[in-house]
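Data first, discussion second: the structure below is written as structure tokens.
The values are calculated or read from the model by the stated rules, or taken from the named source; none is laboratory data. Just so you know, these numbers come straight off a predicted model, no measurement behind them. Glycine gets a Cβ as well: all are built from the backbone with ideal geometry, and neighbour counts include every protein chain shown.
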Amino acid sequence: MNTLPIIDITPLYQDDPAARQAVARQIDAACRQWGFYYIKGHPIAASRIAELKAIAEDFFARPAEEKLRIDITQSAHHRGYGAIATEQLDPSRPSDLKETFDMGFHMDAQHPDVLAKKPLRGPNRHPDIPGWETLLQQHYQDMHQLSLTLLRAMAEALGIEEDFFDRRFAEPISVFRMIHYPPRQSASSADQQGAGAHTDYGCVTLLYQDNAGGLQVQSLDGEWIDAPPIEDTYVVNIGDMMARWSNDRYKSTPHRVISPLGVDRYSMPFFAEPHPDTEISCLPNCSGQDNPARYPAVSCSAYMLSRFADTYAYRREEAKA
């Protein structure tokens, strides 16, 4: 059936090894077949989501000149506000009909990695809105912990050490993003989508989406199917780095957003990505004599920067400079 599985992860927070293993098997099956699934039973409160959505609506409704004070194209480490059409996820279509705010793992300007100008390292850049930074920083930490909970279950399913991902996700380059999709009527052309068809770059994405709808996932037979909002769930999907790590045992599945008619859409993905120096190479148990490793080893930061250059015009210009 062309419907994404819904997995109750409550047992991952309980002391019942058999129940945890059952959840890990469900996650493994979903990652193999779809690369996408919903989770329920997670610890992110509905009240937190409501706070975040309210503050996102407030921020995106502000004048462009105020939002552009933290313009992402002026950031050396990809933090801040991205105006409409800053991204082009599908190179065959116009740039995306969305605006964004990105934050990551905060490092003070005097941190040795920042002083050394290591890529994707630096302080966050927040708008001057009371309570914003405290709320988002707490949510970033909570989403990081939720992603580690899922990654531990995946480690069990993959037959590797339970703390394999914990060790590699210390001081990660994970990103929490807020996205505003204006109504479809504001598109520059009929070909402009909210988010063009793409695969995610990192390891695991956890997505909150509001009730507007519009997310679509490509099935194995190439059909685009809706992934509608389901109350109190997150949509989880595999990204390209995890596909490389698992030698394509886990699928990084194309997906897109068709902007809804007549309403604004808000979503909040958390992109779980490891420490930038992490080597992404074929995991044990994911290759064999009849299934050799399909990808060369690459560092997390090198892979991410190569993908950013494909998506962001300002990154392409930087690469040329």
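Numerical summary
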| read-out | value |
| --- | --- |
| Of all residues making up segment 202-214, the number that are surrounded by 22 or more Cβ atoms within 10 Å (Cβ to Cβ) and more than 30 Å from SER299 (Cβ to Cβ) | 2 |
| Qualifying residue in segment 55-71 (condition: in contact with a helix residue (DSSP H, G or I) (Cβ under 7 Å, 6 or more places away or on another chain) and either without any contact (Cβ under 8 Å) to a residue 24 or more places away in the chain or among the acidic types (Asp, Glu) (or both)) | no |
| Qualifying residue in segment 183-198 (condition: among the small types (Gly, Ala, Ser), free of Cβ contacts under 8 Å to residues at least 12 places away in the same chain and assigned to a loop (DSSP other than H, G, I, E, B)) | yes |
| Members of segment 19-58 that are among the aliphatic types (A, V, I, L, M) and in a strand (DSSP E or B) | ILE39 |
| Condition check for LEU97: modelled with pLDDT under 95 and at positive phi | no |
| Boolean, GLY80 is touching a helix residue (DSSP H, G or I) at 6+ places or on another chain (Cβ under 6 Å) and at pLDDT 95 or above | yes |
| Matching residues, segment 46-57, being small (Gly, Ala, Ser) and either surrounded by 14 or more Cβ atoms within 10 Å (Cβ to Cβ) or farther than 28 Å from GLN216 by Cβ (or both) | SER47, ALA56 |
| Segment 116-140, subset assigned to a helix (DSSP H, G or I), among the hydrophobic types (A, V, I, L, M, F, W, C) and touching a His at 6+ places or on another chain (Cβ under 9 Å), residue farthest from ALA309 (Cα to Cα) | TRP132 |
| Close pairs from segment 211-230: first more than 26 Å from ALA46 (Cα to Cα), partner not polar (S, T, N, Q), Cβ under 6 Å, at least 6 apart | GLN218/TRP224; GLN218/PRO254; SER219/ILE225; ILE225/VAL217 |
| Selection status of ASP310, over 29 Å from GLN26 (Cβ atoms), surrounded by fewer than 18 Cβ atoms within 10 Å (Cβ to Cβ), acidic (Asp, Glu) and in contact with a Cys (Cβ under 8 Å, 6 or more places away or on another chain) | no |
| Exclusive hit being of a type outside the set (Ser, Thr, Tyr), buried (at least 21 other Cβ atoms within 10 Å of the Cβ) and at pLDDT 95 or above, set VAL236, VAL217 | VAL236 |
| Out of PRO112, PRO94, PRO130, sole residue that is out of contact with any Gly (no Cβ under 8 Å at 6 or more places or on another chain), surrounded by 15 or more Cβ atoms within 10 Å (Cβ to Cβ) and more than 30 Å from ASP28 (Cα to Cα) | PRO94 |
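Matching residues to (1) touching a His at 6+ places or on another chain (Cβ under 9 Å); (2) surrounded by 13 or more Cβ atoms within 10 Å (Cβ to Cβ); (3) modelled with pLDDT of 95 or more; (4) more than 17 Å from ARG249 (Cβ to Cβ):
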position: THR278; (1), (2), (3), (4): no, yes, yes, yes
position: SER281; (1), (2), (3), (4): no, yes, yes, no
position: ASN291; (1), (2), (3), (4): no, no, no, no
position: ALA319; (1), (2), (3), (4): no, no, no, yes
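Here is a yes/no grid of residues against (1) surrounded by 15 or more Cβ atoms within 10 Å (Cβ to Cβ); (2) among the β-branched types (Val, Ile, Thr):
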residue: ILE9; (1), (2): yes, yes
residue: GLN21; (1), (2): no, no
residue: TRP34; (1), (2): yes, no
residue: ARG69; (1), (2): no, no
residue: GLN74; (1), (2): no, no
residue: HIS77; (1), (2): yes, no
residue: GLU87; (1), (2): yes, no
residue: LYS98; (1), (2): yes, no
residue: PHE105; (1), (2): yes, no
